[in-house]
1. Listed residues B:378, B:369; which is open to solvent by 20 Å² or more (accessible area, probe 1.4 Å), closer than 28 Å to residue B:72 by Cα and assigned to a strand (DSSP E or B)?
2. Consider residue A:62 carefully, then state whether it is crowded, with 18+ Cβ neighbours inside 10 Å and farther than 23 Å from residue B:153 by Cα.
3. Kindly indicate whether any position in the range B:264-271 is over 15 Å from the mean Cα position of the chain (by Cα) and open to solvent by less than 30 Å² (accessible area, probe 1.4 Å).
4. Mind checking which residues of the range B:33-51 are over 17 Å from residue B:7 (Cα atoms) and out of contact with any helix residue (DSSP H, G or I) (no Cβ under 7 Å at 6 or more places or on another chain)?
5. Does any residue of the range A:30-39 turn out to be over 12 Å from the mean Cα position of the chain (by Cα) and within 14 Å of another protein chain (Cβ to nearest Cβ)?
6. Have a look at B:233, B:265, B:275 and point out the one that is within 14 Å of chain A (Cβ to nearest Cβ) and not in a loop (DSSP other than H, G, I, E, B).
7. Is it the case that residue A:167 is open to solvent by less than 50 Å² (accessible area, probe 1.4 Å), under 18 Å from residue A:19 (Cα atoms) and modelled with pLDDT of 95 or more?
8. Looking at the range B:31-75 only, could you name the residues that are within 16 Å of residue B:355 (Cα to Cα) and either assigned to a helix (DSSP H, G or I) or not hydrophobic (A, V, I, L, M, F, W, C) (or both)?
Amino acid sequence: MEGLLSILRRLKQPPECEVRLLLLGLDNAGKTTLLKQLAAEDISHITPTQGFNIKSVQSSGFKLNVWDIGGQRKIRPYWRNYFENTDVLIYVIDSSDRKRFEETSLELAELLEEEKLAAVPLLVFANKQDLMTASPASELAESLNLHTIRDRMWQVQACSALTAEGVQDGMTWVCRNIKFRKR
Amino acid sequence: MKLKRFFLRYYPPGIILEYEQSGYLRTKSIDLLDLTPECVSLVVSEIKQSEPLITESRAEQVKELVVRLQQKRNQKERHRFCFCKLKAHILPLTNVAFDKSGARFITGSYDRTCRVWDTASGRELHTLEGHRNVVYAIAFNNPYGDKIATGSFDKTCKLWCAETGKCFHTFHGHRAEIVCLAFNPQSTLVATGSMDATAKLWDVESGEEVATLSGHTAEVLSLCFNTVGNHLVTGSFDYTVAIWDVASKRRVHTLTGHMGEISNVQFNWDCSLIVSGSSDKTCKLWEVVSGKCVATLVGHTEEVLDASFDLSGQLIATASADGTAKVFSATTHECLVTMKGHAGEISKICFSPQGSRVLTASFDKTARLWDVQSGECLQVLEGHTDEIFSCAFNYEGDTIITGSKDNTCRIWC
């Protein structure tokens, strides 16, 4: 399942029934919790991701290869290592951390400028909705200027990676838009 | 022809003759790959018969050398490894490699660098920067050790000076990620294998592309020169293995029979056999001259992720996603021993230079050391906090490095 060989296997142009999802966002946005929630794994001991995690999940007849990439500032310049063959970009935001909306908005804007991610559908997870202090998805969409995106399909989805609420809805959107893209 | 002097080579056992011929100093090696304890005089008389340089007057000297090789071979390896040092990259490591003496080693990483380390002090000697994506495949030009080649997901290969860290050449031409590479033994060529389904040969001196070896229909995942340097073998995701003649750049044989992707290919020391590991759960042994499959090594219940000869070419070790490793005889093709203990798939396996121990790297965050005879686990190297991607012995067999997804490499000595 893991090891360098499987990493190379995942570099290949994926077959029709496999898709590559790239999970990005600032540190502490909840990407790894989301990944583990998707894979139905224990989420009680999650530490900051120093590199990356990969998991494969089945959904709507697809094999989703999900790449969760560490979000700390010093390793963000390396996000580009992982852009190749991305089918859907999933951008995760800590909706309770208003102080960092500007930072996360800038990082997202840069991603959308990337040639290798051109026209790749974008799902924004407004995560941590279980917290009282979380901004609603609509407010977040506004502060990130999502409505100005014209060059790709996009969606903002409120969720809690902790309770799993909203996660499935987001993935349903992902699968619908893969079909759209792949065919 | 005049014999000037002898050199001993411990791993694999051999005697190197330095001699003068028409004014030039030349060397040739007498390989003693199957040296057993009881056969000294037999070995010496065989050498005398087949090697004109060894005259009666030299026989006593040769006998002493053979005895020394045997003593080295019979030395019990009791060394227990202790964790010495931890060295970090910013992102996960890919591969690790020692130079010939083991004084330095290199690590490749997702942080787009290759780092050169001093083994004894753990000091970082150089950071080789310039690649624009993951540095995946790395190699020293052993036995010289004065150059380093790095292959990257940025589709280029770079050649560096090992002493200064300066980049000599950047090899452009592959249309996809470079995932394997090797120097030829003369250190005049670098071979690279790519996800673009080709392998390429590059001239070390000029930096020019020498040849594109095309014919595979899928990614080229591994390659290996033979000891002489006249043949290259490539293994591909297209389920086949190909043998190439380096001088003519032509394909000599296509080895078909595997029912799955090829994970690794390797020549044995005397260049007569090739071993291939496959996701079809088997390894195959191929005769180089005929291109025929001489054995299929079965027993693993999941994909074979790595396969390796010992230095003398007598044994083959295999690592599998089923969490076990096996050792097979290269002559009888029997499975001699199965090594059980890892709690996850084993992605890398290698023999100690002496051939008496095997080292495995696993998804379970440990590396393990095994006794080849008994299959017993001698040591569990614990400490990495994520899966181990790569491992290597130095030439003496008394130092190990492991590279992990946890962004660190560990030195064990």
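The values are calculated or read from the model by the stated rules, or taken from the named source; none is laboratory data. Just so we're clear, the structure is a prediction, and the values are computed from it rather than from any experiment. Every residue, glycine among them, receives a Cβ derived from its backbone with ideal geometry; neighbour counts consider all protein chains shown. Accessible surface is based on the protein model in full, side chains and every heavy atom, while ligands, DNA and RNA are left aside. Shrake-Rupley method; radii C 1.70, N 1.55, O 1.52, S 1.80 Å.
1. Working: B:369 fails: open to solvent by 20 Å² or more (accessible area, probe 1.4 Å).
Selected residue: B:378, the only one of B:378, B:369 that is open to solvent by 20 Å² or more (accessible area, probe 1.4 Å), closer than 28 Å to residue B:72 by Cα and assigned to a strand (DSSP E or B).
2. Details: crowded, with 18+ Cβ neighbours inside 10 Å: yes; farther than 23 Å from residue B:153 by Cα: yes.
Spelling it out, residue A:62 is indeed crowded, with 18+ Cβ neighbours inside 10 Å and farther than 23 Å from residue B:153 by Cα.
3. Filtering the range B:264-271 down to residues over 15 Å from the mean Cα position of the chain (by Cα) leaves none.
The answer is no; no qualifying residue exists.
4. B:34, B:36, B:38, B:39, B:41, B:42, B:45, B:46, B:49, B:50
5. If we filter the range A:30-39 for residues that are over 12 Å from the mean Cα position of the chain (by Cα), which is where we start, we get A:36-37, A:39.
Cutting the leftovers down to within 14 Å of another protein chain (Cβ to nearest Cβ) gives us none.
Among the residues of the range A:30-39, not one is over 12 Å from the mean Cα position of the chain (by Cα) and within 14 Å of another protein chain (Cβ to nearest Cβ), which makes the answer no.
6. Working: B:233 fails: within 14 Å of chain A (Cβ to nearest Cβ); B:275 fails: within 14 Å of chain A (Cβ to nearest Cβ).
Of the residues listed, the single one that is within 14 Å of chain A (Cβ to nearest Cβ) and not in a loop (DSSP other than H, G, I, E, B) is B:265.
7. Working: open to solvent by less than 50 Å² (accessible area, probe 1.4 Å): yes; under 18 Å from residue A:19 (Cα atoms): yes; modelled with pLDDT of 95 or more: yes.
Yes: the conditions hold for residue A:167.
8. Start the filter on the range B:31-75 by keeping residues that are within 16 Å of residue B:355 (Cα to Cα), which leaves B:31-37, B:69-75.
Those that are within 16 Å of residue B:355 (Cα to Cα) and either assigned to a helix (DSSP H, G or I) or not hydrophobic (A, V, I, L, M, F, W, C) (or both): B:31, B:34, B:36, B:37, B:69, B:70, B:71, B:72, B:73, B:74, B:75.
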